[in-house]
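Everything below concerns the one structure shown next.
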Amino acid sequence: MMWDWEFTAVVVPRLLDGLVITVLATLIGYLVALALGLAVAIVRRVRIIGPIVHAVMEFIRTTPLLVQLLFVFFLAPSGMTALTVGITVLGVHYAAYTAEVYRSGIEGVAKGQWEACRALSLPPLRVWGAVILPQAIRKVIPALGNYLIAMFKDTPLLYAITVQEMMFHASGLGGQYFRNFEAITLVGLLFVLVSVPSAILIRRLERRYAAV
């Protein structure tokens, strides 16, 4: 199949607009996942509430993201935009994974640190904010970074709920001009151009914190 450069000139600006939405959904969704995942990891240590939260997170982790997107999209209030639904579902879905990462980091903190906090009668906020979390999060930064790339690669699923990201534009223009080859190829190229530098950065973080 010959490459159509005229169609390329038409589709690239629209795909770049879609890339902005893709990156926006990824970054905001990732911040939601980081914050909510940390909250879940801490709450899971509470005796009564912990098992309930754990069960909910396990249900979210074992349910396909596409199903969650469609389910929330069709049940969302009429004033809630598709992009808001997409960001929310992405954030909650990946919070179920980041919570496990945080949990492993928290459990990796030496028992002596906990015992020292109890011996000094430090308040809970001081224990978590000044002692436990700085050590735990430092150890899991590379793992958290991997989920950023995973979320970015999952954003094409937002096309199913009409979010105007890259696949939305590629599919629409491909159907309009009957030229899907260039559109889909360019989407893949844009994903590579963003994902590869991000992966390299994360590998550097892994080497930096490997000995921590």
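The values are calculated or read from the model by the stated rules, or taken from the named source; none is laboratory data. From a predicted model like this one, the values you see are computed outputs, not experimental measurements. Note: ideal-geometry Cβ built from the backbone for every residue, glycine included; neighbour counts use all protein chains shown. The area values use the complete protein model at the heavy-atom level, side chains included, leaving out ligands, DNA and RNA. Shrake-Rupley method; radii C 1.70, N 1.55, O 1.52, S 1.80 Å.
Hey, in the GNM for the chain with a 10 angstrom Cα cutoff, which one of Glu100, Glu115, Glu182 fluctuates hardest?
Taking springs between Cα atoms under 10 Å, the residue moving most is Glu115.
Need one number: nm distance between label points at Ser104 and Val196, each 7 Å from Cα along Cα→Cβ, rounded to one decimal.
2.8 nm
Between Leu125, Leu173, Leu38, find the one with the highest GNM mean-square fluctuation for the chain; connect C-alpha pairs within less than 10 Å.
Leu125
Quick one: if you stick a label point 7 Å off each Cα along the C-beta vector at Tyr177 and Ser78, how many nm between them?
3.8 nm
Among the chymotrypsin sites (Phe, Trp or Tyr not before Pro) within the range 118-212, which fall in a DSSP loop and have no more than 14 other Cβ atoms within 10 Å of their own Cβ?
Answer in residue order: Phe178.
Going toward the positive end of the dipole of the range 7-210, with +1 on Lys and Arg Cβ and -1 on Asp and Glu Cβ, which of Pro77, Gly145, Ile106 do you reach last?
Positive-end residue among those listed: Ile106.
Roughly how many debye, to the nearest 20, is the charge dipole of the range 96-212 about its Cα centre, given +1 on each Lys and Arg Cβ, -1 on each Asp and Glu Cβ, and no other charges?
In debye, rounded to 20, the range 96-212 gives about 520.
As a test question: what accessible area, to the nearest 10 Å², does Thr81 have when a 1.4 Å probe is rolled over all protein chains in place?
70 Å²
Considering all projection directions equally, how large on average is the shadow of the alpha-carbon convex hull of the chain, in square nanometres?
Hull-based average projected area comes out at 14.9 nm².
Among Leu157, Ala119, Tyr177, whose Cα projects farthest towards the positive end of the dipole of the range 110-178, with charges put on the beta-carbon of Lys, Arg (+1) and Asp, Glu (-1)?
The one lying farthest along the dipole's positive direction is Ala119.
For Cα pairs less than 8 Å apart in space and 6+ apart in sequence, what is the mean separation divided by the residue count of the chain, i.e. the relative contact order in percent?
31 percent
Treat every Asp and Glu Cβ in the chain as -1 and every Lys and Arg Cβ as +1, leave all other atoms uncharged, and give the resulting dipole magnitude about the Cα centre to the nearest 20 debye.
1100 debye
In nm, what is the difference between 0.36 nm times the number of residues separating Thr8 and Arg61 and their Cα-Cα distance?
Difference between extended and current length: 15.3 nm.
In Å², what does the accessible area per residue of the chain work out to with a 1.4 Å probe?
56 Å²
What length, rounded to one decimal in nm, is gained on full extension from Ala119 through to Leu70, with 0.36 nm per residue of separation minus their alpha-carbon distance?
Full-extension gain reported as 12.6 nm.
From the backbone phi of the range 121-136, what are the Karplus-calculated ³J(HN,Hα) couplings (6.51 cos²θ - 1.76 cosθ + 1.60, θ = phi - 60°) in whole Hz, Gly and Pro given as x?
Whole-Hz 3J(HN,Hα) from phi for the range 121-136: 6, 6, x, x, 4, 5, 4, 6, x, 10, 10, 6, 4, x, 6, 5.
On C-alpha positions alone, give me the angle between the axis of helix 49-61 and the longest principal axis of the chain, in degrees, nearest 10.
20 degrees
Can you show me the helix-derived [θ] at 222 nm for the chain, built from DSSP H runs with n ≥ 4 at -39,500 (n - 2.57) apiece and divided by the number of residues, rounded to the nearest 500.
-26500 deg cm²/dmol
Could you tell me the center-to-center distance, by alpha carbons, between the range 150-212 and the range 24-88 in angstrom?
Rounded to whole Å, the Cα centres lie 21 Å apart.
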